[in-house]
1. Look through the range 292-305, keep the residues that are among the β-branched types (Val, Ile, Thr) and outside any loop (DSSP other than H, G, I, E, B), and return whichever of them is surrounded by the most Cβ atoms within 10 Å (Cβ to Cβ).
2. What strands (runs of 3 or more DSSP E), lying completely within the range 2-102, carry at least 2 residues that are closer than 23 Å to GLY275 by Cβ and touching a residue at least 12 places away in the same chain (Cβ under 8 Å)?
3. Go through (1) more than 24 Å from MET1 (Cα to Cα); (2) buried (at least 20 other Cβ atoms within 10 Å of the Cβ) and name the single condition GLU200 misses.
4. Quick one: would you say LEU230 is at pLDDT 95 or above, under 25 Å from PRO89 (Cβ atoms) and surrounded by 16 or more Cβ atoms within 10 Å (Cβ to Cβ)?
5. Please work out which residue is farthest from SER285 (Cα to Cα), limiting yourself to the range 192-212 and to residues that are of a type in the set (D, E, K, R) and in a loop (DSSP other than H, G, I, E, B).
6. Considering only the range 237-273, state which residues are small (Gly, Ala, Ser) and either touching a Gly at 6+ places or on another chain (Cβ under 6 Å) or assigned to a loop (DSSP other than H, G, I, E, B) (or both).
7. What number of residues within the range 86-110 are surrounded by 24 or more Cβ atoms within 10 Å (Cβ to Cβ) and among the aliphatic types (A, V, I, L, M)?
Amino acid sequence: MNILVTGGAGFIGSNLVDRLLVEGHDVAVIDEFNDYYDPAIKRANLAAAADRIVIHEVDIRDAKALSHIVGLGQFDAIIHLAARAGVRPSIKHPKLYIDANVTGTFNLLEAARQAGIKRFINASSSSVYGVLKTVPFREDMCLNQTISPYAATKLAAEQLCSNYSYLYGMRTTSVRFFTVYGPRQRPDLAIHKFTKFIHEGRAIDQYGDGSTRRDYTYIDDILQGVLACLSYEGPLCDVFNLGESQTTTLSELIAAIETALGKKAIINRLPEQPGDVPLTYADISKSRDLLGYCPTTKICEGIPKFVDWYLKTYTK
């Protein structure tokens, strides 16, 4: 297949590009290489694949540029990962998140419609579940309230996909990622930041009492679920959870990183942050049944893998 990956220079995107190339697909990437974190990291993510892919340095808010790229690309599918990420920054800059994540997704869907592309895979987030008390989270739950602009933009993007599926017969699949980690993880994310600070003997910020729980998902498992969507032939519009279906407290996560590094953390305890959800927990029965999704990397195995990558990459 000829596949366009937006956000292809990022953590998940660059790992996906590598996997698509291994499987024999033709790949083009759209990424604006913005300064949310060091653009040099993103360029390095694609360095090994650069001579085998086409890279378009474009902002998805630029509808005209998107239309041109998509119109000429003859793509079989679009995997849309590009987004402004992060709950806390979205509270500070809500308009930026709405422009990038909602308008940007609309621009891409419209370009796909004009080009006659019939398969669109959209990266959503577990944050859309907000503070639901019933766990694990199922895709058919009623989502009446999100608690951050980031989450609201992800739910809005899902709804735009449903519009284009209904109105234009486009096959749209939204995949709700549950706290993805692994090699190339963004430096602002907790596992990466904790590993760096503990290794360097610096204090880490722990928001709350350490009892918040997350369903951490290793990158290889996420990729398996995304790739399965390329051949999914169920309803034209569908939504899937991609998680491990196992929760880990913040305190347990820190302890796992300490063990992998062989060093104790210095902890700076802070109040809980607005917008942070207390619990994420994926029901993946639908993904198992319809996508053949089968995550295999538990947190006790994934954290040592990540720490090993970190030490090899940043302590040469």
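1. Checked the range 292-305; the qualifying residue surrounded by the most Cβ atoms within 10 Å (Cβ to Cβ) is ILE303.
2. Ranges flagged: none.
3. The single condition GLU200 does not satisfy is (2).
4. In short, no.
5. Per the criteria, the residue is ARG202.
6. GLY243, SER245, SER251, GLY262, ALA265
7. Final tally of qualifying residues: 2.
Every residue, every condition in (1) of a type in the set (A, V, I, L, M, F, W, C); (2) buried (at least 17 other Cβ atoms within 10 Å of the Cβ); (3) at pLDDT 95 or above; (4) within 19 Å of ALA123 (Cα to Cα), yes or no:
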residue	(1), (2), (3), (4)
GLY8	no, yes, yes, yes
VAL17	yes, yes, yes, yes
LYS42	no, yes, yes, yes
ASP59	no, yes, yes, yes
LYS64	no, no, yes, no
GLY71	no, no, yes, no
ALA77	yes, yes, yes, yes
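The values are calculated or read from the model by the stated rules, or taken from the named source; none is laboratory data. Predicted model, so just to flag it, every value in this text is computed and none were measured. All Cβ positions, even for glycine, are placed from backbone atoms using ideal geometry, and neighbour counts span all protein chains on display.
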